[in-house]
Amino acid sequence: MAIHITPLDDSTVSELETKFRGELLTPGTPEFDEARTIWNAMIDRRPALIARCAGVADVIAAVNFAREQDKPIAVKGGGHNIAGNAMVDDGVVIDLSLMKSVRIDPEAKTARVEPGVILAEFDHEAQAFGLATPVGYNSTTGISGLTLGGGFGWLSRRYGLTADNLRGADVVTADGRLVHASGDEHSDLFWGLRGGGGNFGVVTSFEFDLHEVGPEVLSGLLVHPFEDTAEVMEAYREFVAEAPDEVTAWMVIRHAPPLPFIPGAWHGEKVLVIAVYYDGTIADGEAVLQPLREIGEPIADAIGPHPYVGWQQGFDGLLTPGARNYWKSHNFVEFTDGMIDTFVEYGESLPTPESEIAIAQLGGAINDVPVDATAYPHRDAAFLMNLHTRWIDPAQDDECIAWTREVHEAMTPHATGGVYVNFISEKVGEEDAAYRENYDRLVEVKRTYDPDNLFHMNQNVAPTA
């Protein structure tokens, strides 16, 4: 269905230009279509204006402009959000992708990071000093959306969520003010930023704690035939039950990509992959991971020393932009026999070669944080399933979406009822599952900082009971 775009008056755009250091793109601008294209190819929205901000003053000007013109706002950091919340029809996109500064303080072990930074850029700067903070597993993800939704990755069982490592943030609020949120200032806003999504304003700077990591780490993949999935999952379950927080082991059911360490005869065949990371010395990790490597008869064992930045980018090739994506997710407190049976059943019917069933190991330091300490509420989850359904042909939309929903429904009896907000594909309807027992408190924060719900292109918390 065609979207009606109400053109902005040229004089109002010209007036905004006098206050703007970055770039203003309208539907007639040559770069407009490229700028409105985001990671998930299912999203095809046409804003009235894309405001590429060069700094805080531009963000303030763009927020005030959108409010005064009564236009909806979307905020774009890395543009990776699966539901497409970085783009909005007939509205103003506040595009932060030009704001790329990363400042590392190696003595204090802190980082100040602007909102247009992607994970690879953050890792690059921090690793120059042998430091890192927990971030996600796809290095082209933007730091902004990741952090505001919680954020987890290979370091999280040791050091917590990305949001748990947030020390403070500068935020432009709905009324155009710049405030600093931390444990000491605007602490209610700071609480809401750590897991409450983009509901409360535009973050223009993040400050993170850093930890000594790498530059070389023990990590890699174990690849098993799909037919051995049940046996391997049962043994995996026993291994992770005793594993220390230094170990993070995830599993993926997918078709084998053409990686050089996988025998050519297995390329394109269905496999079970265990991806594992150890946060500690190589020697200690070799000993701790040995029982995992002895499970079954793997097709390939690629565990070994790797550069941390290389491991962080190791899965980028499987998550490139331009594909159509629909995801569904669940959290689990345990890994049951029924879950294993269901994974095997639906692993048989992956709808496309690009699709996968991913199972992340959580727990550890993530769950050491009280439920009410941050807006992120899922401190009981030991595992997370994400159905990464990906395809190229729009004619497969109905088939792929239906398969994903069917698997999700089949896994529901084993799940907590909670869902990680950054893995939600639906525009509306899963807010209670995302925010759970912290929802009412988020409403109070929303009332304080965005009473008119200016920022609603997100898994929205409405400022009403």
Exercise. Specify which residue in the list M42, T204, P394 is farthest towards the positive end of the charge dipole of the chain, using unit charges on the beta carbon of Lys, Arg (+1) and Asp, Glu (-1), about the Cα centre.
Key: T204
Quiz item: Taking only protein heavy atoms and a 1.4 Å probe, what accessible area per residue, in Å², does the chain have with all protein chains in place?
Solution: 38
Quiz item: Considering the alpha-carbon set of the range 205-273 alone, what are its Rg and its Dmax in angstrom?
Solution: 16.0, 48
Quiz item: Among the lysines, which have Cα under 24 Å from the Cα of K19 when same-chain residues fewer than 8 positions away are ignored?
Solution: K71, K76, K100
Quiz item: Using a simple charge model, +1 on the beta-carbon of Lys and Arg, -1 on the beta-carbon of Asp and Glu, nothing else, what dipole does the chain show about its Cα centre, in debye to the nearest 20?
Solution: 980
Quiz prompt | Computed magnitude of the charge dipole of the range 254-360 (debye, nearest 20; Cβ of K, R +1, Cβ of D, E -1) | solution = 440
Practice problem: Have a look at Y159, A174, P106 and report the one farthest towards the positive end of the charge dipole of the range 44-183, computed about the Cα centre with Cβ charges (Lys/Arg +1, Asp/Glu -1). | Solution: Y159
Self-check item: Rounded Å value of the spacing that divides the Cα centres of the range 282-299 and the range 122-149
Solution: 27
Quiz prompt | Rounded percent of accessible protein surface that carbon and sulfur make up, the chain, 1.4 Å probe | solution = 49
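Compare the peptides 197-205, 268-276, 209-217, 397-405 by average per-residue count of other Cβ atoms within 10 angstrom and give them in order, highest first.
Values: 197-205: 25.2, 268-276: 21.7, 209-217: 17.9, 397-405: 16.1.
So the peptides 197-205, 268-276, 209-217, 397-405, ranked by packing, come out 197-205, 268-276, 209-217, 397-405.
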Quiz prompt | Proximal aspartates and glutamates relative to K270, as straight alpha-carbon distance under 18 Å, when same-chain residues fewer than 8 apart are discounted | solution = E227, D228, E231, E297, D301, D341, E345, E348, E354, E356
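Just from its helices, what would the mean residue ellipticity at 222 nm be for the chain, if runs of 4 or more DSSP H residues each count -39500 (n - 2.57) and the sum is divided by every residue, rounded to the nearest 500 deg cm²/dmol?
On the way: 14 runs with 125 residues, N = 465.
Using -39500 (n - 2.57) per qualifying helix, the result is -7500 deg cm²/dmol.
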Self-check item: 10 Å-binned pair-distance histogram of the chain (Cα, whole percent)
Solution: 4, 21, 31, 26, 13, 4, 0
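Contact order normalised by length for the range 92-208, with contacts defined as Cα pairs under 8 Å and 6 or more residues apart; what percent is it?
Values: 227 pairs, mean separation 28.5, N = 117.
Dividing the mean separation by the residue count of the range 92-208 yields 24 percent.
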Quiz item: Considering the zone a paramagnetic label at T12 would reach in this model (a point 7 Å from Cα along the Cα-to-Cβ line), which residues of the range 76-91 have amide N under 18 Å from it?
Solution: 88-91
Quiz item: In degrees between 0 and 90, to the nearest 10, how far off the longest principal axis of the chain does helix 337-347 point, with axes built from Cα atoms?
Solution: 70
Exercise. Please report Rg over Rh for the range 211-333, where both radii come from the alpha carbon positions and Rh follows the Kirkwood definition.
Key: 0.96
Quiz item: In degrees between 0 and 90, to the nearest 10, how far off the longest principal axis of the chain does helix 229-242 point, with axes built from Cα atoms?
Solution: 80
Quiz item: Ranked highest first by average number of other Cβ atoms within 10 Å, how do 104-115, 7-18 line up?
Solution: 104-115, 7-18
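The values are calculated or read from the model by the stated rules, or taken from the named source; none is laboratory data. Just so it is clear, the structure is predicted and the values come from calculations on it, not from any experiment. Virtual Cβ from ideal backbone geometry, glycine too; neighbours counted across all protein chains shown. When the accessible area is computed, the model is the full protein with side chains, heavy atoms only, and any ligands, DNA or RNA have been set aside. Shrake-Rupley method; radii C 1.70, N 1.55, O 1.52, S 1.80 Å.
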